[in-house]
4 protein chains.
Amino acid sequence: MCKGCGTLGYQDNIKEKIYDVIFESETPVGKAFDILLILTIIFNSALMIFESVESVRESYGFLITSLGWFFIFIFTIEYLLRVYVAHGRMSYIFSFFGIIDLLAILPAFFVTFLPQARLLVIFRIFRLLRLFSILKMGRYIEESSQLMRALKASRAKITVFLFTILFIIVIVGSMMYVIEGPENGFVSIPESMYWAIVTVSTVGYGDISPQTSVGKFVSGVLMIIGYSIIAVPTGIISNELAHTTKNLVGGKQCRHCNWQAGSLDDKFCPKCGKEINIET
Amino acid sequence: MCKGCGTLGYQDNIKEKIYDVIFESETPVGKAFDILLILTIIFNSALMIFESVESVRESYGFLITSLGWFFIFIFTIEYLLRVYVAHGRMSYIFSFFGIIDLLAILPAFFVTFLPQARLLVIFRIFRLLRLFSILKMGRYIEESSQLMRALKASRAKITVFLFTILFIIVIVGSMMYVIEGPENGFVSIPESMYWAIVTVSTVGYGDISPQTSVGKFVSGVLMIIGYSIIAVPTGIISNELAHTTKNLVGGKQCRHCNWQAGSLDDKFCPKCGKEINIET
Amino acid sequence: MCKGCGTLGYQDNIKEKIYDVIFESETPVGKAFDILLILTIIFNSALMIFESVESVRESYGFLITSLGWFFIFIFTIEYLLRVYVAHGRMSYIFSFFGIIDLLAILPAFFVTFLPQARLLVIFRIFRLLRLFSILKMGRYIEESSQLMRALKASRAKITVFLFTILFIIVIVGSMMYVIEGPENGFVSIPESMYWAIVTVSTVGYGDISPQTSVGKFVSGVLMIIGYSIIAVPTGIISNELAHTTKNLVGGKQCRHCNWQAGSLDDKFCPKCGKEINIET
Amino acid sequence: MCKGCGTLGYQDNIKEKIYDVIFESETPVGKAFDILLILTIIFNSALMIFESVESVRESYGFLITSLGWFFIFIFTIEYLLRVYVAHGRMSYIFSFFGIIDLLAILPAFFVTFLPQARLLVIFRIFRLLRLFSILKMGRYIEESSQLMRALKASRAKITVFLFTILFIIVIVGSMMYVIEGPENGFVSIPESMYWAIVTVSTVGYGDISPQTSVGKFVSGVLMIIGYSIIAVPTGIISNELAHTTKNLVGGKQCRHCNWQAGSLDDKFCPKCGKEINIET
């Protein structure tokens, strides 16, 4: 917090050290903390997943409850430390991860009083999102950022696609409500739209399915549409990925014949043999 | 209606002003009208969707009916105004949107007399199609036209694909009717064809499913076909999009024959041999 | 049959004329015959499809039976004529379409004696295959041959893919038979393999579904595999189509700078402005 | 085993000959052995598949049991011979195929004593994996290695994709457990995760399906995600295959640094600037 000043208070010194451990991952201790945190979060999530199984809860109830409170304890300490050492306390508290971190521990204390808070327990699993921010290292980050770039570049096209799908769902959903009616399971337009999503995405639960001839015909057309239309986003992403990959090395090219470098390591032009030394 | 003439009747003047507001979107008032219309249509559709839910109808019945008639009232005025100011009255009335606009309001008046008109109420939701014509602005239009061009370019290939699918459905549907028969749910060839669509599109409701060994074997083959054949339209679109995007390159084109440059480096037109030096 | 000889018997003359009408489609009469045949086949198929619907059969039973025999009569005459005028009678009779044509009419006569021949009635619908041979005209043929070429070029890759899928089905099917057992619907390995196909192709009828925890876990893995593996054939076809399209125009290139022509109409090289006049 | 030495023991001589037959496929006898082994494995697997069908077991019980023991006998001899002649006995026994070969025969002897060994019988079907090692010949190997290379090259991207899918499954699975609860079939988080896999992969058995409005809405979103996200791996593979195929171009590579030519026109190596003039 006071990087440039000559004298550093004892407390500030400790605070800064804790900050480096918790928020940074350059130091060995920071890295160790990150790995420990990942393991804790994963183990905590696994615990919650197994806790939900009745037979497990019956057999290992006490152990699971104890471990649960143990994790709450650890997460609470972690949260308090983060609030304590954060550069800009408020901006951490109201940041996305600040809220997630708080929501992961808060409901546990309320659950004792109101059992309806079961719904909030889920936020502890949302801590898994931290993995994404921690795992921002290694080679995977490059790959996922490449994917992200391709998705971003095709955002507008995908929006058009999703808008079209949504439109088809509303129209076909309304049509089927009128055609089949409540007597065949299409009790309302929202329900019909749910059916349309189930059908157009080719999931096909079969909990609602058309009974009349006209309904079956319309469904058939919807299925063929859903089945064919998937080709569109695939084509978009595929095309965009090809572009993204190309653009990654595309900046580098031969000054003499404009040959586009195949990779950033290329040093000589394969067309004319001249050296390539233009910066991207 | 009389842009060039010196004197403009008072009535014509108002008519022209209303026309600019309703049919055009260049003026601020025209833009405001468009946005208002979009909101009205969306709100009306949402109303109809919720109206179909029984519990909502029971709780807010009066409110919903009132709002429904309110929208009918607005849409009727809008329709009458459109007819009144339209350049070429008949061509508007019999245009696609003219019919949609009329169908959106007409059934409401009939529904009082014959309850069977429920089917026609759906046309009010079809007004959503207006969104497409209004939203023809911003950057999305470019993206969707790019998608449209790719789809159009691959029209013939997709027709061949759909024809093949249809053929498979007829043949396999007939086969399964013979193999399984009415006793296993394949009560007729149209029903079997419905099952074939459900299967080949990988929707798989499970309302009809093969019971005999031979039927299961044929189904298995059909599934593998359906599962693999989806690769074909995807490949087509993907390939076509790559082409379409390439053709867009910078809007650079030959001044003499409108040839679209394949890449920004192209210096000469391959059609007429003239030099290309038009900036984007 | 006697193209070169000076005198042509009266009978041979007629035979040759009928041949031109039935087997060729250059003459106007030949074209008319083809269109008539297409209509007859489509109408006959539609008739059979509707005949299978019980309610239709009950209402229009006599009409349908009469029309059915009418088509049998026409097809029989057509078949006899084809046999009579065919160049190389035996090679027609034992050709693919010769057999289809015979099977389309033969069962109808037997069905009177043994009702079990119902299975063979299906062959009348197989006559639809004739459409493919007749429709070999117009622009669609080019498109479908392009698709065919792409599929042929990727034949080996697709074989590897299908072999892998088959392998997964056998292994997972056997595993699930052991894990779930007959008590959970996996009554035999073939049945389990049918389930595996239903699952890996993402059809998912739900007529058989895993009940045990281990079974559900294995199914989950299989689903993710099935869901991801579809990317492989899509990638193959997509890639091959890109190649095929490119190769179509690829033969043509600039003699001076090796620029590859973008389309067969290109007459000038866009890189150096020289004329392109190399034959493919 | 003693290739270089002048005198070769009689026993060693035989051993070496058996080795060539069993482990190698250069000699005609070796090839014949491979084909025989393939046929034996396929026939054995087919036998096991049919044995699992109750009606077949009842009709041909004795024949199937006899044939089963016959194959066990053959596989046992083959295994013992392999152990006997293998170069490096232990490395064969503990190799992947060594273990598969042993597991294929061992359970058969135990099954007499403990019927619970039924689970292990499956390993006999795992012998099918041998086909992969034997079939490593012909043109298919090149194609599958091309596919393999594309999959390997996109490994990191696919890992990111699968990780994202897994993440979605955990989050949505937990959410649905809270939203729907045990009363609607979502009895535990693992069960909910199974449902999430069934849904996101668009399989959709329908054994578990959402009942509440909120649950249906979340499912709808999950379906659209699952339906669209498939575009990502497809795009990846498609793009990678295009790359891989391109890199294969003619096997032309730099003599000095093994750089693979990007196109047949490349004349200079972009890594070291040396001229490339090696023929394929």
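The values are calculated or read from the model by the stated rules, or taken from the named source; none is laboratory data. All figures in this text were calculated on a predicted structure; none of them were measured in a lab. We place every Cβ from the backbone using ideal geometry, glycine too, and count neighbours over all the protein chains shown. Note: accessible area is taken over every heavy atom of the protein model, side chains too, but ligands, DNA and RNA are not part of it. Shrake-Rupley method; radii C 1.70, N 1.55, O 1.52, S 1.80 Å.
Could you calculate the FRET efficiency of A:Phe43 with A:Leu80 from 1/(1 + (r/R0)^6), where r is the beta carbon distance between them and R0 is 25 Å, rounded to 0.05? Show your work: numbers first, answer last.
Details: r = 21 Å, r/R0 = 0.83.
Efficiency computed from Cβ-Cβ geometry: 0.75.
Look at the stretch D:219-227: the mean tally of other chain Cβ atoms within 10 Å of its residues' Cβ atoms is 6. What gaps in nm, shortest first, separate D:Thr65 from its twins in the other copies when you place the label 7 Å past Cα toward the beta carbon? Output for D:Thr65: 5.5, 5.5, 7.8 nm, nearest copy listed first.
Distance between the C-alpha centers of region B:61-94 and region C:38-68? Whole Å please. Measuring centre to centre over Cα atoms gives 46 Å. Distance between the pseudo-spin-label points of C:Phe97 and D:Ser213 (7 Å out from Cα toward the beta carbon): 6.1 nm. Placing +1 on the Cβ of every Lys and Arg and -1 on the Cβ of every Asp and Glu, with nothing else charged, gives region B:5-135 a dipole about its Cα centre of roughly 200 debye.
For peptide C:154-165, the mean count of partner chain Cβ atoms within 10 Å of a residue's Cβ comes to 5. Annotation: peptides D:159-167, B:233-241, ranked by per-residue average of other Cβ atoms within 10 Å with the highest first, follow the order B:233-241, D:159-167. Look at the alpha carbon pairs under 8 Å that are at least 6 residues apart: their mean separation over the length of region A:5-135 gives a relative contact order of 23 percent. If you model region A:143-245 as an ellipsoid using its alpha carbon gyration tensor, with each semi-axis the square root of five times an eigenvalue, the axes come out at 33, 12, 11 Å, biggest first.
The distance separating the Cα centre of region B:186-219 from that of region A:145-221 comes to 21 Å.
Counting only protein heavy atoms and rolling a 1.4 Å probe, how much accessible area do A and D lose on contact, total for both sides, in Å² to 100?
4600 Å²
The charge dipole of region D:143-245, taken about its Cα centre with unit charges on the Cβ of Lys, Arg, Asp and Glu (plus for the first two, minus for the last two), comes to roughly 440 debye.
Using C-alpha pairs under 8 Å with a sequence gap of at least 6, the mean separation divided by the residue count of region A:143-245 gives a relative contact order of 36 percent.
Return the subset of C:Lys157/D:Lys152; A:Lys152/D:Lys157; B:Lys31/B:Lys152; A:Lys31/A:Lys152 for which the Cα-Cα distance in this structure is over 21 Å, preserving the input order. Among C:Lys157/D:Lys152; A:Lys152/D:Lys157; B:Lys31/B:Lys152; A:Lys31/A:Lys152, the Cα-Cα distance tops 21 Å for B:Lys31/B:Lys152; A:Lys31/A:Lys152.
Note on D:Ile35 and A:Lys31: the model spin-label points, each 7 Å out from Cα along the C-beta direction, lie 5.8 nm apart.
A simple count of charges around C:Ala104, restricted to other residues whose Cβ falls under 14 Å of its Cβ and scoring Lys, Arg +1 and Asp, Glu -1, yields +2. Each distinct pair of alpha carbons in region C:5-135 adds a 1/r term; the inverse of their mean, the Kirkwood radius, is 16.1 Å.
Peptides C:192-205, B:66-79 ordered by packing proxy, namely the average of other Cβ atoms within 10 Å per residue, highest first: C:192-205, B:66-79. Ascending distances from the A:Leu36 label point to its copies in the other chains, with the point 7 Å along the Cα-to-beta-carbon line: 6.5, 6.5, 9.2 nm.
Comparing D:Leu129, D:Leu103, D:Ser25 along the charge dipole axis of region D:5-135, the residue lying farthest to the positive side is D:Leu103, per the Cβ-charge model.
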